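What follows draws every value from the coordinates through simple rules; no lab data is involved. Please read all numbers here as calculations on a predicted model, not as lab measurements. Cβ: placed from backbone, ideal geometry, glycine included. Neighbour counts: every protein chain shown.
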Amino acid sequence: MQNKLKTFNWLGLLNTLSPVIALFVVFELFVLIAPSSFATARNMETIARQTTIVGIAALGMTMVIISGGIDLSVGSIVALSTVVIAWLLQYAGAGPLTAALGGVAAAAFFGLLSGVLITRLRVVPFIVTLGMMLVVRGAAKGIGREQKIDVDPARLRWLDELLASLPAERSWMLLPPGVWMMIILAIAMAALLRYTRLGRHTFAIGSNEQTARLCGVAVERVKVLVYTLCGAFGGLAGLMQFSRLTVGDPTVAVGLELNVIAAVVIGGGSLNGGEGSILGTLVGALIMTVIASGCTQRGYPNWVQEIITGAIIVIAVAFDRLRHRRTA
Amino acid sequence: MAERIETQQPTIRLQMQGVSKRFGATIALEDVSIEVAAGGVLALVGENGAGKSTLMKVCSGAIKPDAGQMWLDGKPFRPNNPLEARRAGVAMIYQELSLTPHMSVQENIMLGMEPSKLGVVLWKQVRQRAIEAIKEFDNPELTPDARVSRLSVGSQQLVEIARALAIGCNVLVLDEPTSSLTQQDVERLFEIIKRLQKQGKAIVYISHFIEEVKRVADRVTVLRDGRVVGSPQDGQAHNDVAAISSDEIVSLMVGRQVEELYPRSERHAGEVVLEIEDLAGPENPKFASLTLRRGEVLGIAGLVGAGRTEFLRCLFGLEQVKKGRIKLGVYTGPASPHRRWMQGAGLLSEDRKEEGLALSLSVADNVTLSRLKGFGPLGLVMPGRQDKATRQWLEALDIRCRGPRQSVLSLSGGNQQKVALARLLQHDVDILLLDEPTRGIDVAAKALVYKLINALATGSPDEGRQPKAVLMVSSYLPELMGVCDRVAVMCRGRLGPTYRIDEVNEHELMLEATGK
């Protein structure tokens, strides 16, 4: 019995770490074939910076997917968030913190709206958020009058530093503040999913909604919260996007939601709900950046990158299924 | 009926001989033999779990028997799957309809055997053959283009029958065909069965309802515990319906000794904890009133589809309450499941796979799901404390698993059921609503459940545990007789009066349940 227990835990550990192992393998592969600059600290920082936008948005998406839903409006929400932040800075005279919070709040509002529509109208999340994708994109364009909103560099203050490479005097930070934010948020989300009632209820709904209802879980309320959180994370991703561009661009991040969903799925999230992990999601996002970065440095054209990324998604999920059949 | 079947004697269409089937340690069928003649209707009756459905799954090819032989129109018949059986001429009309609701009647009838040329469906022929199949039924609702989802349940059933006829099936198995039909549809179905008889089809009719059997069938075979039981007078297994009384059929169905499987300590009924008056739901229940006291086990008997599950679900807020009054403890009126748990009631679902348990989650998650409070500071849920709480139940209920973190999916049925029960115990509810608490579990697990129910109803004043109130739905009469203090019967959505257990016997309950 003791022995059995031990092997079981080993398997469990291996299961949780398998996306990390996959990341390692992909990374080493590029170290072998890409120029020697690939494995440098500088390049790793670049990879981390490039992962941040998708990574932050994917934190919220992980929760949505665990609950058995999906959110297609994330790309539009990122764009909306950049536009709202720029508008607040440029036209409302807001400070950087107020502007950032405003962007996130606007994003969270649309997440809330999706959640309410899904639970009240009983329309599947795919459709509601598909509609919301267009609604939010439209709203972003409306706020920007179909144009980018440029912001006075003087008003930006620290807002353009979130994802910039660290200047020499602040190299003690190791990584740009935006990346740190992603890491801290990821830890918080992982804890929320594991140690709070909201988190456990999210798993229960995704695993079996009827059971959750039978057990007195307020299914509707949890779902609304989950989509609101997903919207808020979309808003934070928008903040990062804004920091990078320093303009409010309503046409940015088209199709980003698919990268975000891919990150969750590569990391072991199941579109049927009940499964997924924050660690896996981050690794999924990193794998995609590593491929992109490696291909660029190796001089592969864009179309090759896309084919490889597509193949990786399918292979990752197929492996995941295989692993499931083994353990079940 | 025989006069229209050309000149020859009614031939035996389907014959099964010495059919046996085991599932693991349980004997589902043992040496069962039946035969149905052309133009004959054989009724197959028995309690739930007696083996009726297993037997019919054998003849429709869904299950392979361990032993025994079958003949169809005198030729050996060994179907490997339902499709082969259908092609050979045996069709089963299932209780759950197996139609595609979004498609038209004609498409459903010809599904999977559409006449086609080079892959192109020949719609004219589809239509023609569908019309031929349905014209027999003479039902205005049934047109080739009608969408199946728009039809009444009765008409949908006819579409299924039409589908079987369209491929030329001569043996039709109807499994509880009337359980979800209105009285009018039932009459219509009986008409059609008569017509099919005249055409020389052989029909096997599975039912709980004795009065239906008496009307429709000409012979009846009773199954009990997987065996054919003979009639008391002559030991004949295939009884002539005209020659056997309803009472005799019921005796054959239940004739079983109650074992000392059911411990019964001295119980003291305390204050009223649940009062229900004239409760009605969206469809079922139509009418239900009862009172339940602390320290009491109240059983609800009845047949599958009588509305007992819906009754519990209404109580628990999983289905809408249309009418009536519920008073649970000090709380009046309907309430959501969330509230019911807080008010001290818990429901054990009859369907542990679909509803009762989140199968992919761990034992600990399932046991603690209804109340995730008190497992850590600040409302946090610390897995370690969840596990600790769960371990206590693993031991108390003898749940066999590797630990609290194992997923419920890999447990046996009995252990899964214990996990579902442990949730009510962990929540420490005062009123336990148990829907078929022993469905699909082995005898050892059943014994434990009975012991547990007894212990809960008795309480233990020395240890400061108050007696609980248990409301229990079961289709298995011996179980209700063994466990309950009082029992009521639900029949077609109506809950009858409650009897003290020493006032009634199984026979009377069965009669009431079958609508006699």
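Among the GluC sites (Glu not before Pro) found in segment B:282-326, those both in a DSSP coil and sparsely packed, with 14 or fewer other Cβ atoms within 10 Å of their Cβ, are B:283.
For chain B, the relative contact order works out to 15 percent when only alpha carbon pairs closer than 8 Å and six or more residues apart are counted. For chain A, the convex hull drawn through the C-alpha positions has a volume of 157 cubic angstrom per residue. Under 18 Å of direct C-alpha separation, and excluding same-chain neighbours fewer than eight residues apart, residue B:117 reaches these aspartates and glutamates: B:107. Taken over segment A:70-166, the alpha-carbon convex hull comes to 103 cubic angstrom per residue. Each of B:223, B:496, B:374 was placed along the dipole of chain B (beta-carbon charges, centred on the mean Cα), and the one lying farthest toward the positive end is B:374. Per-residue Cβ neighbour counts within 10 Å put B:138, A:249, B:73 in the sequence B:138, B:73, A:249, beginning with the fewest. Listed by Cβ neighbour count within 10 Å, with the fewest neighbours leading, A:87, B:341, A:180 appear as A:180, A:87, B:341. Overall, the anisotropy analysis places segment A:4-105 in the oblate class: the square-rooted eigenvalues a ≥ b ≥ c of its C-alpha gyration tensor yield a/c not less than 1.5, with a/b not exceeding b/c.
Bridgeable aspartates and glutamates around residue B:57 (alpha carbons under 18 Å apart, same-chain partners fewer than 8 residues away excluded): B:30, B:31, B:35, B:47, B:66, B:84, B:96, B:160, B:175, B:176, B:225.
Segment A:16-77 and segment B:385-456 have Cα centres lying 42 Å from one another.
Going from the residue with the fewest nearby Cβ atoms within 10 Å to the one with the most, A:283, B:304 rank B:304, A:283.
Take the convex hull of the alpha carbons in segment A:128-240; its mean projected area over all directions comes to 10.2 nm². Measuring against 28 Å, Cα to Cα, the residue pairs B:52/B:198; B:353/B:446; B:388/B:418; B:75/B:135 contain B:75/B:135 as the ones spanning a longer distance.
With the cut-off at 19 Å, report for segment B:279-326 the share of all Cα pairs above it, as a whole percent. Result: 23 percent of Cα pairs exceed 19 Å.
Per-residue ellipticity at 222 nm, computed for chain B from helices alone with -39500 (n - 2.57) per DSSP H run of at least four residues, works out to -9000 deg cm²/dmol. Radius of gyration (Cα atoms) of chain B, expressed as a multiple of 2.2 N^0.38 Å: 1.07.
With all pairs of different C-alpha atoms in the average, the Kirkwood value for the hydrodynamic radius of the protein assembly as shown is 31.1 Å.
Near residue B:140, once Lys and Arg are set to +1 and Asp and Glu to -1 for all other residues with Cβ below 15 Å from its Cβ, the sum equals -3.
Over all Cα atoms in segment B:354-428, the spread is summed up by Rg and Dmax: 11.3, 36 Å.
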